[in-house]
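Undergrad: Structure in structure tokens, see below.
Please treat every number below as a calculation from the coordinates, not as lab data. Model, not experiment: these values are computed from the prediction. Note: ideal-geometry Cβ built from the backbone for every residue, glycine included; neighbour counts use all protein chains shown.
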Amino acid sequence: MAETIANWFVTNLQGSLSKELIVFIVSLLPILELRGGIIAGFAMQMEWLPTFIIAFLGNILPIPFILLFIRYIFRVLKHTPLRGFVDWCERRAEQKSETIRKYAYWGIFLFVAIPLPGTGAWMGALISALLGMDPKKTFPVIMVGILTAGIIVSILSFGVLGRIF
């Protein structure tokens, strides 16, 4: 799914935005995050290191805001027509929180680092914020998780896929 959405961004934005900006924008978005940014960079035949750095920066940028403000934002949004969306986000975070409850900060790291659908920095930050985990401890763990996921996706995209295509 992330590959399809990332390719949509590449197809529709390439030519009007720089490759670097496309990778950055894709990496900012939930669901796509760093994985989508690296896939987009690979699809545009960018070098792996600039792609990795830009995708990392795009993915890490929203995380402090999620860690610090999401509970307040959700409280406010529950009094608007977006209540259903907030409830859905909270239910989704609750469903994915078992590993994090069990292993605490190691759980956050694993959740962010293993690039599987439904995992990543956005959801890891949301879960940790909703569980009341310390943002000062969580943020560096998420950073290392993003780096790890980026290495895995880069090896798969630029290494294995690069040799095939």
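Undergrad: Counting Lys and Arg as +1 and Asp and Glu as -1, what is the net charge of the other residues whose Cβ lies under 13 Å from the Cβ of G37? Let's see the in-between values first.
TA: On the way: positive: K19, R35; negative: E3, E20, E33.
With Lys, Arg at +1 and Asp, Glu at -1, the neighbours total -1.
Undergrad: Using Cα pairs closer than 8 Å and at least 6 residues apart in sequence, work out the relative contact order for the chain, in percent.
TA: 23 percent
Undergrad: How many nm is it between the label spots at L61 and R75, if each spot is 7 Å from the Cα in line with the beta carbon?
TA: If labels sit at L61 and R75, their model points lie 2.8 nm apart.
Undergrad: Contour minus end-to-end for I152 and R83, with contour as 0.36 nm per residue of separation and end-to-end as the Cα-Cα distance?
TA: So the extension gain works out to 21.2 nm.
Undergrad: Take the Cβ-Cβ distance between D134 and L49 as r, set R0 to 41 Å, and report the resulting FRET efficiency rounded to the nearest 0.05.
TA: So the FRET efficiency works out to roughly 0.80.
Undergrad: Now for a separate question. Relative contact order for the range 63-145 using alpha-carbon pairs under 8 Å, separation at least 6, rounded to a whole percent? Don't jump to the answer; show the numbers that get you there.
TA: On the way: 81 pairs, mean separation 32.0, N = 83.
Value for the range 63-145: 39 percent.
Undergrad: Let me ask something additional. Can you match semi-axes √(5λ) of the Cα gyration tensor in Å to one of these, [x] 28, 18, 13; [y] 30, 21, 12; [z] 21, 16, 15, based on a calculation from the structure here?
TA: [x]
Undergrad: Would you mind classifying the range 1-76 by shape? Square roots of the alpha carbon gyration tensor eigenvalues, ordered a ≥ b ≥ c; an a/c under 1.5 is rounded, otherwise it is prolate if a/b is larger than b/c and oblate if not.
TA: prolate
Undergrad: Same structure, new question: How much FRET efficiency would the formula 1/(1 + (r/R0)^6) give for M1 and R92, where r is the Cβ-Cβ distance and R0 is 22 Å, rounded to 0.05?
TA: The pair M1/R92 has a calculated efficiency of 0.90.
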